[in-house]
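Undergrad: What follows is a single structure, and I will ask about it in a moment.
The values are calculated or read from the model by the stated rules, or taken from the named source; none is laboratory data. Just so you know, these numbers come straight off a predicted model, no measurement behind them. Here the Cβ positions follow ideal geometry from the backbone for every residue, glycine too, while neighbour counts run over all protein chains shown. Protein only, heavy atoms only, side chains kept; ligands, DNA and RNA dropped before computing areas. Shrake-Rupley method; radii C 1.70, N 1.55, O 1.52, S 1.80 Å.
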Amino acid sequence: MGAFERDVVIVGGGHNGLACAAYLAKAGLDVVVVEKRDVVGGAATTEEPWPGYRVSSASYVVSLMPPRIVRELDLKRHGYEVSIVTPDYFVPFPDGTSLTLWGDVSRDSAAIAAFSERDANAYVEFDRYFDHAARLLKDLMFVVPPNINVRELPKWAATAGKFRKWSGRDVHEIVRLFTMSAADFLDEWFEDDRVKGALATQAIIGAWAGPMTPGSAYVLMHHWIGEIDGHAGAWGWVKGGMGGVSQAMARSAESAGAEIRTDAEVDRIAINASGRAVGVALLDGTLIRSQRVVSSAHPVTTYLSLIGTERLPGDVVRDVERYRTRSGSVKLNVALSELPEFPSWEHETSLHRGLVAISPSIEYLERAWDDAKYGRMSEHPYVEVVFPTAHEPDGLAPDGKHLMLGFAQYGPYDLAEGSWDDGGRDEFARRVFDGLGEYAPKLKDSIEQVEVLAPKDIEDRFGLVGGNIMQGELTPDQLFGFRPITGYGDYRTPVGGMYLCGSGTHPGGGVMGVPGRNAASVVLRDHKRGEFVDRIKNLGR
């Protein structure tokens, strides 16, 4: 059995693990990342399901990556290149009309005016409201959440300083966003069902909830806090697909001295007799000894499988076991002979560089959720699609061919009738293409290849338990200091020297790298404290 001595070993080469590695290596620590797959990136990868096609298998656009992380990790120098997905959303309706949102307040307000002058005026204030709320929440993204105990009262006092700019009304509005349904929230602002349907799309992506579910207003807010090159709330296409994000982070980490090993699956966290993590044992028998261990894997996997219930306090095991990580997300990767035409598109610019969403009303979305609640795949799913080859004509598909990538809601993890393996994937794809076909009549004739990833497929391939793309549901009891479990929201775990850095920690899911950065700051603080204690001990000898 080989043995290695490192400062830090990071379990999992997802984008947060790579970000954490880059920050730690830049700070001078000796870091190794171990990834079980033959490619890094976790759910942010580019793969080849069919010859000649390079597909963003799971996540397909970026928005939540803060400019601060792009700058600090020098990602652009390492190949990170993004083009804005525009329009933000094109939403066609059954009556032949459509609504296009560009991310420009005056232009969007004018478009909404075709449906309702009142809603057009309300949208200006709505955009201002969400921009203000987003700025408040952005202040909390880079905070290490204090835990709920008396010992951490000083940290709570320090955190309270982040709220100095908040008025009493700000606090009330944020509480409302965390607890209200998206439907109730949008009802306060708008009257036209089509306008509300178009704006509700982001309230359900990745969520095991419908737009009428309490708390879904925050999911809407969670997506609103992103930006691309100063364009608030925009989505971006990464050159080379989402693997381009992970490759840039990997290069940043390696340029700082970190080592990245693929095909290196962890069997367990090595824990000594004192209950401290001292490295990881790989499936091939290799023991990598380290002073500290950080896991970007799912919290449930990390706690219950890699650490093991026998090494954890009973209340921690209970809390992890009840951590909710359900999903109704289904990913569709589609090869096309040509790009589809949408007759209701009325603009001269290319629709295909934007995002198309089938979301005609809140009621439509809620009925899709109603099916899922009882174990049925949605009869009429919500679906949003992008066309990568419109952004990157060369290198993603053979000459003359195209890609369409889509996320759909809802397909339950376990179907009440039938199974995903027994025709379920084909049936779900048919429902999605039927829905899109109502607005793009020639689409079906252009489909040449289809890959459907149901929640179980997302779990098996990317380690996202339950298929939840956020590494756990974004609900008030699973956010900030409660994420993933109470008492351990500060990236530490009950096992000494063991940390978490994935999307199952604050501030949650999405390709952002913030959990990795925040966790790295905690590891560095503890590492420096440990070195100081060692020096004091040596002085006393």
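Undergrad: Quick one: which helices (runs of 4 or more DSSP H) sit completely within the range 279-393 and have at least 1 residues that are within 27 Å of Arg431 (Cα to Cα) and among the hydroxyl-bearing types (Ser, Thr, Tyr)? Step through it out loud before you land on a result.
TA: Numbers: elements: 314-321, 362-373, 388-391.
Hits in the range 279-393: 362-373, 388-391.
Undergrad: Within the range 437-468, can you find the residues that are open to solvent by less than 40 Å² (accessible area, probe 1.4 Å), under 24 Å from Gly52 (Cβ atoms) and part of a helix (DSSP H, G or I)?
TA: Leu443, Ser446, Asp457, Phe462
Undergrad: With the requirement that a residue be open to solvent by 10 Å² or more (accessible area, probe 1.4 Å), over 14 Å from Ser56 (Cα atoms) and touching a Ser or Thr at 6+ places or on another chain (Cβ under 8 Å), what does the range 405-436 give you?
TA: Residues satisfying the conditions are Tyr413, Arg431.
Undergrad: Restricting to the range 320-349, give me the number of residues that are surrounded by fewer than 24 Cβ atoms within 10 Å (Cβ to Cβ), under 28 Å from Glu47 (Cβ atoms) and of a type in the set (Ser, Thr, Tyr).
TA: Total satisfying the criteria: 2.
Undergrad: I need the full set of residues from the range 25-69 which are farther than 21 Å from Ala264 by Cβ and acidic (Asp, Glu), in order please.
TA: Glu48
Undergrad: Next question. If a residue must be open to solvent by 10 Å² or more (accessible area, probe 1.4 Å) and either in contact with a helix residue (DSSP H, G or I) (Cβ under 8 Å, 6 or more places away or on another chain) or more than 16 Å from Ser359 (Cβ to Cβ) (or both), how many such residues does the range 184-199 contain?
TA: Initial filter on the range 184-199 (open to solvent by 10 Å² or more (accessible area, probe 1.4 Å)): 184, 187-189, 191-194, 196, 199.
With the extra rule that they be either in contact with a helix residue (DSSP H, G or I) (Cβ under 8 Å, 6 or more places away or on another chain) or more than 16 Å from Ser359 (Cβ to Cβ) (or both), the set shrinks to 184, 187-189, 191-193, 196, 199.
Number of matching residues: 9.
Undergrad: In addition: When the residues of the range 301-319 are filtered to those that are of a type outside the set (Val, Ile, Thr) and open to solvent by 30 Å² or more (accessible area, probe 1.4 Å), which remaining residue is nearest to His527 (Cα to Cα)?
TA: Initial filter on the range 301-319 (of a type outside the set (Val, Ile, Thr)): 303-306, 308, 310-315, 318-319.
If we keep only those that are open to solvent by 30 Å² or more (accessible area, probe 1.4 Å) too, we end up with 304-305, 310-311, 313-315, 318.
Values: Leu304: 26, Ser305: 26, Glu310: 27, Arg311: 23, Pro313: 24, Gly314: 28, Asp315: 27, Arg318: 30 Å.
So, considering only residues that are of a type outside the set (Val, Ile, Thr) and open to solvent by 30 Å² or more (accessible area, probe 1.4 Å), the one nearest to His527 (Cα to Cα) is Arg311.
Undergrad: Let me ask something else about it. If I ask for residues that are of a type in the set (Ser, Thr, Tyr) and more than 14 Å from Trp166 (Cα to Cα), which ones from the range 116-138 would you list? Step through it out loud before you land on a result.
TA: Quick first cut of the range 116-138, residues of a type in the set (Ser, Thr, Tyr) only: 116, 123, 129.
Ser116, Tyr123 - these are the residues of the range 116-138 that are of a type in the set (Ser, Thr, Tyr) and more than 14 Å from Trp166 (Cα to Cα).
Undergrad: Anything in the range 277-300 that is out of contact with any strand residue (DSSP E or B) (no Cβ under 8 Å at 6 or more places or on another chain) and surrounded by 23 or more Cβ atoms within 10 Å (Cβ to Cβ)? List them, or say none.
TA: The one that is out of contact with any strand residue (DSSP E or B) (no Cβ under 8 Å at 6 or more places or on another chain) and surrounded by 23 or more Cβ atoms within 10 Å (Cβ to Cβ): His298.
Undergrad: Checking the conditions here, which among His380, His402, His352 is open to solvent by 20 Å² or more (accessible area, probe 1.4 Å), farther than 22 Å from Leu464 by Cβ, touching a residue at least 60 places away in the same chain (Cβ under 8 Å) and of a type outside the set (D, E, K, R)?
TA: On the way: His380 fails: touching a residue at least 60 places away in the same chain (Cβ under 8 Å); His352 fails: touching a residue at least 60 places away in the same chain (Cβ under 8 Å).
Exactly one residue qualifies, and that residue is His402.
Undergrad: Checking Leu474 against (1) touching a Cys at 6+ places or on another chain (Cβ under 9 Å); (2) of a type in the set (A, V, I, L, M); (3) over 30 Å from Asn272 (Cβ atoms), only one condition comes out false. Which one?
TA: Failing condition for Leu474: (1).
Undergrad: Please go through the range 13-52 and give me each residue that is in a loop (DSSP other than H, G, I, E, B) and surrounded by 23 or more Cβ atoms within 10 Å (Cβ to Cβ), ordered by number. First the steps, then the outcome.
TA: Narrowing the range 13-52 to residues in a loop (DSSP other than H, G, I, E, B): 13, 27-30, 35-40, 42-45, 48-52.
Correct list: Gly13, Glu35, Val40, Gly42, Ala43, Ala44, Thr45.
Undergrad: Which residues, taken from the range 256-266, are part of a strand (DSSP E or B) and open to solvent by 30 Å² or more (accessible area, probe 1.4 Å)?
TA: Filtering the range 256-266 down to residues part of a strand (DSSP E or B) leaves 259-261, 266.
Matches in the range 256-266: Glu259, Ile260, Arg261.
Residue by residue, here is whether (1) at pLDDT 95 or above; (2) assigned to a loop (DSSP other than H, G, I, E, B); (3) surrounded by fewer than 20 Cβ atoms within 10 Å (Cβ to Cβ); (4) not β-branched (Val, Ile, Thr) holds:
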site: Ala209; (1), (2), (3), (4): yes, yes, no, yes
site: Val219; (1), (2), (3), (4): no, no, no, no
site: Gly236; (1), (2), (3), (4): no, no, no, yes
site: Gly241; (1), (2), (3), (4): yes, yes, no, yes
site: Gly244; (1), (2), (3), (4): yes, no, no, yes
site: Ala250; (1), (2), (3), (4): yes, no, no, yes
site: Glu254; (1), (2), (3), (4): yes, no, yes, yes
site: Arg268; (1), (2), (3), (4): yes, no, yes, yes
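Undergrad: Another question, if that's okay. Looking at Ser83, is it in contact with a strand residue (DSSP E or B) (Cβ under 6 Å, 6 or more places away or on another chain) and at pLDDT below 95? Working first, answer last.
TA: On the way: in contact with a strand residue (DSSP E or B) (Cβ under 6 Å, 6 or more places away or on another chain): yes; at pLDDT below 95: yes.
Criteria met by Ser83.
Undergrad: Here is a list: Ser359, Ser378, Ser329, Ser344. Which entry is over 23 Å from the mean Cα position of the chain (by Cα) and among the small types (Gly, Ala, Ser)?
TA: Values: Ser359 fails: over 23 Å from the mean Cα position of the chain (by Cα); Ser378 fails: over 23 Å from the mean Cα position of the chain (by Cα); Ser329 fails: over 23 Å from the mean Cα position of the chain (by Cα).
Going through Ser359, Ser378, Ser329, Ser344 in turn, just one is over 23 Å from the mean Cα position of the chain (by Cα) and among the small types (Gly, Ala, Ser): Ser344.
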